[in-house]
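Comments concern the structure below.
Here, each number is a calculation from the coordinates, and none is a lab measurement. Since the model is a prediction, treat every value here as computed from it, not as a measurement. Every residue, glycine as well, gets a Cβ built from its backbone with ideal geometry; the counts of neighbours run over all protein chains shown.
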Amino acid sequence: MIFLTVGSMLPFDRLVKSVDIAAGKGEINDTIFAQIGSTEFLPKYIDYVETLNRIEYMEVFKSSKAVISHAGIGTISIALKYRKPLLVVPRLKKYNEIVNNHQLNTANRFLNEGYILKSDDTNMISERINELSKFIPKKRTDNSYRVEKKINDYLKKILDKTDLLYK
Amino acid sequence: VNGFTINIMKHKKKNIIGIVASPGGHLTQLLQVSKAWSNYSAFYVSTHMSAIPLFKKMGKFYIIEESGRGRLFGTLKSIFTCLVIVNKERPKVIISGGSGCGTFLCLFGKLFGSKTIWLDSVANVEDISLSGRVILPFIDLFIVQWEHLTKRYKKVEYYGKVI
């Protein structure tokens, strides 16, 4: 199963439609399960839900073979964490899908470093989707502990011992 | 076990830390570093129902209205709710995942004497977020996730990416 997710905030019909059409034509070599957000367009050829809560989302994410999504940083970071092959389609300002083109910038950064696949054009989507089965994402270097330590040190500096949960 | 739990409850005066992030990327990034505040009692603020099942496991939480461009009513309602939350909780520290909803919570927090921490999203590649630029003077510890941004803003700090 390939998990298609577009986030719960805004619809992303351009992506959902193109995947649905490709699935309808039989061009995709796997089944698709989609989280489509609240939208007027409803897919005909793939299984979908409107939203998943966070726990359900993680379950579907982990059990999927690969993921297709908008270039939301939440999805990208989870994909890197679990090393899932990810194809992103950035939301673009010219289609009124987002307020600015930051998803495109984000996608390009991660694409250039070999973490993800990207497709700006949804016409060729099935070819890119089928590349996912061969794509091995680069392993990330995790620096979160450094940020975590900085925040923790700062809290220790400004808070008293009496503020600790377990004294 | 019950006795132990009750003992903690008695001594627990209030939530020391307020955590705020919209669900999705901002919350995902902030929770990557959740061990940073795991020794303190915290309450959580977010903007979408999808965060509820997770928050239920973590402690007290509030779901506030989505704010942002083109959402005037939501923004006004969210500003008011943030004021109510800060006034009620009076956290010593507010940690924001860098989404719009953290702006007002940090602003009111600052006015009520909280220290404020802002983790700007890794999605902000070319510049820090609009919310971040607005709230920057009111933030005590401002962390970005792209090193080149520290050259443009003196106050921001970089320690790597959380994803």
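Odds and ends about this structure:
- Each Cα pair of region A:1-141 feeds into the Kirkwood radius, which the Stokes-Einstein equation turns, at 37 °C and 0.692 mPa s, into a diffusion coefficient of 221 µm²/s.
- Beta bridges per DSSP, both residues in chain B: antiparallel share near 0 percent.
- Remark: mean inter-chain Cβ contacts per residue of A:52-60 equal 4, using a 10 Å Cβ-Cβ cutoff to other protein chain atoms.
- Shielding score for A:137-147, defined as the mean number of other chain Cβ atoms within 10 Å: 5
- Tensor-based shape of region B:76-163 (alpha-carbon gyration tensor, a/c under 1.5 rounded, otherwise prolate or oblate): prolate
- Whole-angstrom gap from region B:87-104 to region A:34-60, using each part's C-alpha centre: 30 Å
- For residue B:116, the amide hydrogen comes within under 5 Å of the amide hydrogens of B:94, B:140, B:141, counting only partners 5 or more places away or on other chains and with H modelled in the peptide plane.
- Sequentially through region A:117-123, phi angles give Karplus couplings (6.51, -1.76, 1.60; θ = phi - 60°) of 9, 9, 9, 7, 9, 7, 5 Hz, Gly and Pro residues having no value and appearing as x.
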